[in-house]
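Below is one structure, written out as structure tokens, with a few remarks after it.
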Amino acid sequence: MANETKTWGMPSFRLDGKTALITGAGGGIGAGVALAFSGAGADVILVGRTQSNLDEVAHTIRRCGGNVQTIVCDVTDSAAIRTVIGNIPVLDILVNNAGTNFPEPMLDVSDEHLDAMLNLNVKACFVTAQAAVKKMLANTGRDVGVIINVSSQMGHVGSPDRTVYCMTKHAIEGLTKAMAVELAGRGIRVNTLCPTFVDTPLVRKIIDTPEKEAFLVSKIPMGHMAKMEDVVGAALYLAGPSARMVTGTSLKVDGGWTAQ
């Protein structure tokens, strides 16, 4: 066994020398991923709609010695996000994290909410990924780039009051598989990160009654919501060299929700 181990390298979760762009980086999962990637050695580019939120995350990263840049951009503006990514000198990792949800019964879904979720969760995700692929293909070497599309456990199951959200996340699962197959030969890996409900202030605004929380927890075999570190740890794995044979798959951080 000792001789066998000489033929392969130990897994690494370092991102030294890599540049990662994270959308929706002003808070929540996006901010958590940015902090984790910076801690692993990456230069990070934070993209979001609100400068003050981005500045807060960037301040924390700089205080820890990280290299960070902030860019205000609404990713639903296709021309704007294409310009942002086109102007970046180099891009190794994209975390396609920006998204939204309006939980409500199907019969109550307005055209406004429908369009907002389709435009942000699906169209903007595609356009951002497309621009990132174009930029990454300028890279050299074996590992040209990594794309992590932040999906959800709802990309694999259905749930009450989430028809449009489930539809958009199922779309991202299909997009990710198709991208992975098309781009594998060109050195770009594409996967989805699929969290369950993460215990954040934003989620607490949605899970705002004991009855809602009890229903949610009853669906998670592990009996509790995910913590931020659970999700960012999974993102760090997908982004790094330890996952170099992982593409076209979904990493579910859902406490067993979708296993039932």
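The values are calculated or read from the model by the stated rules, or taken from the named source; none is laboratory data. Predicted, not measured: the structure shown is a model, and the values here were computed from it. Virtual Cβ from ideal backbone geometry, glycine too; neighbours counted across all protein chains shown.
Assorted remarks:
- Pairs where the first residue, in region 153-178, is closer than 16 Å to residue 250 by Cβ and the second is modelled with pLDDT under 95 and assigned to a helix (DSSP H, G or I), C-beta under 6 Å, 6+ apart: none
- Residues within region 52-92 that are hydrophobic (A, V, I, L, M, F, W, C) and part of a helix (DSSP H, G or I), tallied: 9
- Boolean, residue 68 is buried (at least 19 other Cβ atoms within 10 Å of the Cβ) and in contact with a strand residue (DSSP E or B) (Cβ under 8 Å, 6 or more places away or on another chain): yes
- Just one of (1) buried (at least 16 other Cβ atoms within 10 Å of the Cβ); (2) part of a loop (DSSP other than H, G, I, E, B) fails for residue 193. It is (2).
- Considering only residues in region 31-86 that are of a type in the set (Gly, Ala, Ser) and in contact with a Gly (Cβ under 6 Å, 6 or more places away or on another chain), the one that is nearest to residue 228 (Cα to Cα) turns out to be 38.
- Breaking point among (1) without any contact (Cβ under 8 Å) to a residue 60 or more places away in the chain; (2) under 26 Å from residue 198 (Cβ atoms); (3) loosely packed, with under 15 Cβ neighbours inside 10 Å, for residue 79: (2)
- Selected residue (criterion: surrounded by the most Cβ atoms within 10 Å (Cβ to Cβ)) from residues of region 168-188 that are in a helix (DSSP H, G or I) and in contact with a Leu (Cβ under 8 Å, 6 or more places away or on another chain): 168
- Check on residue 95, in contact (Cβ under 8 Å) with a residue 12 or more places away in the chain and more than 17 Å from the chain's Cα centre (by Cα): no
- Check on residue 66, in contact (Cβ under 8 Å) with a residue 24 or more places away in the chain, closer than 19 Å to residue 148 by Cα and not aliphatic (A, V, I, L, M): no
- Close Cβ contacts (under 6 Å, 6 or more residues apart or on different chains) running from residues in region 238-253 that are at positive phi to residues that are crowded, with 19+ Cβ neighbours inside 10 Å comprise 248/180.
- Tally, over region 89-110, of residues that are more than 25 Å from residue 141 (Cβ to Cβ) and among the acidic types (Asp, Glu): 2
- Residues that are without any contact (Cβ under 8 Å) to a residue 40 or more places away in the chain and not in a loop (DSSP other than H, G, I, E, B), drawn from region 102-116: 107, 108, 111, 112, 115, 116
- Which numbered condition residue 207 misses (of (1) at pLDDT 95 or above; (2) β-branched (Val, Ile, Thr); (3) buried (at least 16 other Cβ atoms within 10 Å of the Cβ)): (1)
- Filter result for residue 26 (in contact with a Gly (Cβ under 8 Å, 6 or more places away or on another chain), part of a loop (DSSP other than H, G, I, E, B), at positive phi and modelled with pLDDT of 95 or more): no
- Count of region 137-162 residues which are closer than 18 Å to residue 100 by Cβ, crowded, with 17+ Cβ neighbours inside 10 Å and more than 17 Å from the chain's Cα centre (by Cα): 1
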